[in-house]
Amino acid sequence: MKAAHPFWSACRFCGGCVATFACWTLWLLLGVLLALQIYLLTARRLAVPAFFLRALESRLAAAQLNLRFGQASFDPSGRITAENISLQSSSFAEPIFTARACYLRLDPWSLLVGQIDPMEIRVTDANFFVPAMLSPTGRPEALVSDCTVDLMPRRNAISLVQFAGRVGNVIVTMRGDLRLPAGGQTRDRKSTRLNSSHITI
């Protein structure tokens, strides 16, 4: 029986080492992915993705608006919660909008590709102000106060699940569908349909 050539023996040894290294590397990567998935499933508060904040800031900057908030949290399912929100225009010194909290439910698959696709928006204790420059009293006045809004954006409509707030001395509650104009049709197809509304003084 002929002994194996040293070259082929070395090749088999190197091949076995490479296969063992690849196998252990694969198991290590699977273990890391499993640990990451467990962490994401158990974590309740993560940092808000930086690309989301940059996209939001760029959109608001285009409208000359500046957003501030106290703290924000994000979970792997695509839910973002921000607290103590203040929206200010570059034309006025006072904020034009404040809210105690804002909740966004985003499509997690769209977030993976860097797209912001809100599926639900909920705002609590919101206030819309008339700036002092435009107010007849010379002081900021709340146009809408103690407002709670829960809506679900759609392709050509906004489903208003709940709207409750105070407009001056009038308490307003509404729900229904707000149909948005289709692209390029801003006047002919604009319509609003509310399923029900209730106004109490």
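The values are calculated or read from the model by the stated rules, or taken from the named source; none is laboratory data. These numbers come from a predicted model, not from an experiment. Counting neighbours? That spans all protein chains shown, and the Cβs are built from the backbone with ideal geometry, glycine included. When the accessible area is computed, the model is the full protein with side chains, heavy atoms only, and any ligands, DNA or RNA have been set aside. Shrake-Rupley method; radii C 1.70, N 1.55, O 1.52, S 1.80 Å.
Of all residues in segment 95-142, those satisfying the criterion of being under 24 Å from Q64 (Cβ atoms) and touching a Cys at 6+ places or on another chain (Cβ under 9 Å) are A99, I121, V123, A126, N127, F128.
The single condition among (1) charged (D, E, K, R); (2) open to solvent by less than 70 Å² (accessible area, probe 1.4 Å); (3) assigned to a loop (DSSP other than H, G, I, E, B) that R139 does not meet is (2).
Within segment 149-168, the set of residues being open to solvent by less than 40 Å² (accessible area, probe 1.4 Å) and either touching a residue at least 24 places away in the same chain (Cβ under 8 Å) or farther than 18 Å from A99 by Cα (or both) comprises V149, D150, L151, A157, S159, L160, G165.
The condition (being at pLDDT below 85, closer than 30 Å to S73 by Cβ and not polar (S, T, N, Q)) is satisfied by just one residue among P181, P118, P95, P136: P118.
So which strands (runs of 3 or more DSSP E) are wholly in segment 50-116 and hold at least 2 residues that are open to solvent by 60 Å² or more (accessible area, probe 1.4 Å) and not hydroxyl-bearing (S, T, Y)?
Working: elements: 65-68, 71-74, 79-89, 95-106.
Counting at least 2 such residues, we get 65-68, 79-89, 95-106.
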